[in-house]
Amino acid sequence: MTHKIAFIGFGGVGQGLMDILLNKGKNLTDNLGLDIKVVAISDLKKGSVYHPDGLDLQRIAAIMNTSGQLEDYPEEDGLIKGWDSLTTIEKSNADTIVEITYTDVQTGQPAIDHCKAAFENGKNVVMSNKGPVAIAYDELNELAKERGVNWGFEGTVMSGTPALRMPLISLTGNEIQEIRGILNGTTNYILTKMEEGMTYETALKQAQDLGYAEANPTSDVEGYDALYKVVILANVIMGIPLTKEDVLCKGISGLTIDDINEAKQENKRWKMLGRITRQDDQVYASVKPEKVDMTDPLAGVQGAINAITYECDLSGPITLMGAGAGIIETGFSLLIDIINMERNVIQ
């Protein structure tokens with residue numbers, strides 16, 4: 001079966017998915033009977049190109065390694081260049097839009113408008129962009145259902161680690177009473193290094209040198225990145241219509257070596273935790289540093305790894321651990337959403 005996709009945005013994650021398709025395309029066809037064709041790419045800085053029969057990904061990869069401009073794609077019959085993102089969504093023959101533009105978690109734009117345009121034109125969407133899911137989940141979910149299309153966003157919480165699909169599918173039938181997790185690898189790396197004796201400032205600088213933290217690390221260290229993931233988990237997994245304003249948020253920048261050592265003496269370890277707890281008719285949600293007992297599975301999660309625990313009434317606590325970021329890992333999250341659309345297994 002052929003599944004046609006169009007990229008809206010073509011940064012590292014999009015090129016990561018392209019590399020996966022180049023390397024794994026034959027396996028996908030041989031093992032799953034799935035032929036994924038890229039028919040369009042539209043990027044604000046790199047330009048755009050569309051061909052209804054599919055683009056040559058080897059050529060695209062070569063262009064990205066040289067000029068980086070899609071205008072350099074060779075002319076051929078049926079090829080169209082210059083479409084903007086909305087025109088690509090509306091006029092291309094893609095089955096699925098891969099929405100991977102810059103994440104604006106304040107407004108969710110332009111990704112929210114991209115999702116709406118796709119749904120209204122009968123196209124599926126897969127994305128790793130947190131903004132639309134955190135800000136407009138109910139509206140977009142209803143629109144997708146009305147139009148009979150699929151919306152996949154596995155990569156919005158823990159990249160290629162199935163933090164959404166696993167509880168939705170494998171834990172169905174449970175009441176999940178609490179979700180708590182290490183949802184940001186940068187802060188976990190910094191806390192790990194502080195426990196080894198580094199100051200906060202030195203650990204942050206090392207995280208930046210390794211590419212875990214941005215030059216402006218505010219979103220990570222003050223908890224905003226994890227906050228939006230908490231909102232997504234609450235809405236998608238627990239069915240709680242939480243907004244970002246409902247979540248208590250406190251970062252790790254105030255923690256000192258003395259705090260770290262005090263926790264050690266208590267046989268505990270500091271972790272930056274996102275938490276959603278349902279008690280009777282009340283819901284409590286937070287992102288903040290917490291002292292975790294050393295017997296807790298989350299205490300053993302070191303470095304830039306993410307982990308999440310689902311407290312279930314039937315199966316008991318289930319903990320999932322894995323990468324929470326990475327180009328190939330996030331590219332995989334987009335791929336598995338497409339595969340599961342074809343399997344008719346999608347959140």
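So, THR295, is that one open to solvent by 10 Å² or more (accessible area, probe 1.4 Å), over 24 Å from ASN235 (Cβ atoms) and touching a residue at least 40 places away in the same chain (Cβ under 8 Å) or not? In short, no. Among the residues that make up region 220-241, is at least one of them part of a loop (DSSP other than H, G, I, E, B), within 14 Å of TRP270 (Cα to Cα), of a type in the set (Val, Ile, Thr) and touching a residue at least 24 places away in the same chain (Cβ under 8 Å)? Checked region 220-241: no residue is part of a loop (DSSP other than H, G, I, E, B), within 14 Å of TRP270 (Cα to Cα), of a type in the set (Val, Ile, Thr) and touching a residue at least 24 places away in the same chain (Cβ under 8 Å). Under the condition of being of a type in the set (Phe, Trp, Tyr) and either touching a strand residue (DSSP E or B) at 6+ places or on another chain (Cβ under 7 Å) or without any contact (Cβ under 8 Å) to a residue 40 or more places away in the chain (or both), the residues counted in region 306-347 number 1. Residues that are surrounded by 14 or more Cβ atoms within 10 Å (Cβ to Cβ), touching a residue at least 12 places away in the same chain (Cβ under 8 Å) and not in a strand (DSSP E or B) within region 29-55 comprise LEU34, LEU44, LYS46, HIS51, PRO52, GLY54, LEU55, listed in sequence order. Can you tell me which residues in region 62-121 are aliphatic (A, V, I, L, M), within 27 Å of THR156 (Cα to Cα) and either open to solvent by 60 Å² or more (accessible area, probe 1.4 Å) or not in a helix (DSSP H, G or I) (or both)? Listed by number, the residues that qualify are LEU86, ALA94, ILE97, VAL98, ILE100, VAL105. With respect to the conditions (1) among the aliphatic types (A, V, I, L, M); (2) under 20 Å from the mean Cα position of the chain (by Cα); (3) in a helix (DSSP H, G or I); (4) over 19 Å from LYS229 (Cβ atoms), VAL133 lacks only one, and its number is (4).
All told, LEU204 falls short of being open to solvent by less than 20 Å² (accessible area, probe 1.4 Å) and either aromatic (Phe, Trp, Tyr) or assigned to a helix (DSSP H, G or I) (or both). Do we have any residue at all in region 317-334 that's among the β-branched types (Val, Ile, Thr) and over 26 Å from LYS24 (Cα atoms)? For region 317-334, residues among the β-branched types (Val, Ile, Thr) and over 26 Å from LYS24 (Cα atoms): present.
So which residues in region 189-211 are over 22 Å from VAL292 (Cα atoms) and hydrophobic (A, V, I, L, M, F, W, C), if there are any at all? Those that are over 22 Å from VAL292 (Cα atoms) and hydrophobic (A, V, I, L, M, F, W, C): ALA207, LEU210.
Within region 138-175, the residues that satisfy the criterion of being touching a residue at least 60 places away in the same chain (Cβ under 8 Å), surrounded by fewer than 20 Cβ atoms within 10 Å (Cβ to Cβ) and either farther than 24 Å from GLN302 by Cβ or touching a Cys at 6+ places or on another chain (Cβ under 8 Å) (or both) are ASP138, ARG165, LEU168, ILE169, LEU171, GLY173, ASN174, GLU175.
Here THR256 meets each of (1) exposed (fewer than 15 other Cβ atoms within 10 Å of the Cβ); (2) without any contact (Cβ under 8 Å) to a residue 40 or more places away in the chain with one exception, condition (2).
Determine, yes or no, whether THR277 is touching a Phe, Trp or Tyr at 6+ places or on another chain (Cβ under 6 Å) and either within 28 Å of TYR102 (Cβ to Cβ) or open to solvent by less than 60 Å² (accessible area, probe 1.4 Å) (or both). Spell out how you get there, then give the answer.
On the way: touching a Phe, Trp or Tyr at 6+ places or on another chain (Cβ under 6 Å): yes; either within 28 Å of TYR102 (Cβ to Cβ) or open to solvent by less than 60 Å² (accessible area, probe 1.4 Å) (or both): yes.
Answer is yes for this residue.
So that you can scan it fast, the table gives a plain yes or no per residue for (1) farther than 16 Å from MET166 by Cα; (2) of a type in the set (Ser, Thr, Tyr); (3) in a loop (DSSP other than H, G, I, E, B):
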site: ARG269; (1), (2), (3): yes, no, no
site: ARG275; (1), (2), (3): yes, no, no
site: ARG278; (1), (2), (3): yes, no, no
site: GLN302; (1), (2), (3): yes, no, yes
site: THR309; (1), (2), (3): no, yes, no
site: GLY322; (1), (2), (3): no, no, no
site: ILE328; (1), (2), (3): yes, no, no
site: PHE332; (1), (2), (3): no, no, no
site: ASN344; (1), (2), (3): no, no, yes
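The values are calculated or read from the model by the stated rules, or taken from the named source; none is laboratory data. It should be emphasised that the depicted structure is a prediction, and the values quoted were computed from it without experimental measurement. Note that each Cβ is placed from the backbone with ideal geometry, even for glycine, and that neighbours are counted across all protein chains shown. Heads up: the accessible areas ignore ligands, DNA and RNA and are worked out on the full protein's heavy atoms, side chains in. Shrake-Rupley method; radii C 1.70, N 1.55, O 1.52, S 1.80 Å.
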